[in-house]
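Worksheet: one structure, shown below.
The values are calculated or read from the model by the stated rules, or taken from the named source; none is laboratory data. Here the structure is a predicted model, which means the values were calculated and not measured. Counting neighbours? That spans all protein chains shown, and the Cβs are built from the backbone with ideal geometry, glycine included. All accessible areas refer to the heavy atoms of the entire protein, side chains included, with ligands and DNA or RNA removed. Shrake-Rupley method; radii C 1.70, N 1.55, O 1.52, S 1.80 Å.
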Amino acid sequence: MALLAMGMPASAQTENTQQTETFGERFSRLAKKTVKEMEKAGHSLGDAIGFDDRVNPEEDADSVKIGGTYYMPLYTVNLYKGTDARVYTDQCRSMFQMKYPEAKIQSVVLPQKEWVATTVKRGNKVVQYLQTMYCYVLAKDGDDGYINARFSFTRVKQPGSSYKHAAGGWPKWERTDVIPMEDYVQMSK
């Protein structure tokens with residue numbers, strides 16, 4: 001019995017195979033958790049004041065992931081039929097050509113049927129209305145690949161007044177993706 005009693009503590013020590021976190025691992029885990037909580041708090045604050053602070057391509061529902069890189073979708077069909085459509089596409093074309101004069105534009109489109117409408121609230125009170133129209137320019141960059149740019153036209157309206165252009169550019173150049181040829185081939189399948 002004495003031998004059995006002595007063997008039990010030894011076997012209990014060998015059976016306990018729980019891994020303990022090192023200080024660095026624990027610190028890293030806690031730091032990541034803290035950053036996530038701070039991001040949540042920032043998003044909540046932004047939501048409370050009507051500010052959209054989530055401009056992360058990975059969170060963009062339409063993003064296409066190829067080889068670890070997120071790209072905007074390739075839009076080539078113009079769905080907006082408003083009388084002002086040509087004005088918007090011409091402005092985007094002009095801005096794009098100034099920045100990329102050697103790229104050959106393949107398409108300039110407004111891929112939505114109407115303005116995207118958003119109501120901005122502060123608490124339960126409506127403080128303004130936003131409307132946004134997106135424009136995409138797709139251009140061939142020699143034999144190397146393509147350039148895909150997104151522009152937005154945003155107009156704002158206070159309750160009881162008319163729409164005005166939002167600050168920050170008309171149009172605002174939001175994003176540019178330079179797409180290598182092999183990724184473009186996969187995207188266009």
Quiz item: When the range 100-114 is examined, which residues are found to be out of contact with any helix residue (DSSP H, G or I) (no Cβ under 9 Å at 6 or more places or on another chain) and either of a type in the set (G, A, S) or in contact (Cβ under 8 Å) with a residue 40 or more places away in the chain (or both)?
Solution: Y100, E102, Q106, S107
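Results for (1) outside any strand (DSSP E or B); (2) without any contact (Cβ under 8 Å) to a residue 12 or more places away in the chain; (3) crowded, with 16+ Cβ neighbours inside 10 Å, shown as yes or no for each residue.
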position: Y80; (1), (2), (3): yes, no, yes
position: M98; (1), (2), (3): yes, yes, no
position: V126; (1), (2), (3): no, no, no
position: Y134; (1), (2), (3): no, no, yes
position: L138; (1), (2), (3): no, no, yes
position: D143; (1), (2), (3): yes, no, no
position: G160; (1), (2), (3): yes, yes, no
position: G169; (1), (2), (3): yes, yes, no
Quiz item: Are any of the residues in the range 53-67 surrounded by 12 or more Cβ atoms within 10 Å (Cβ to Cβ), more than 25 Å from A167 (Cα to Cα), at pLDDT below 95 and among the hydroxyl-bearing types (S, T, Y)?
Solution: yes
Quiz item: What do you reckon, is E102 open to solvent by 60 Å² or more (accessible area, probe 1.4 Å), assigned to a loop (DSSP other than H, G, I, E, B) and closer than 27 Å to P159 by Cα?
Solution: no
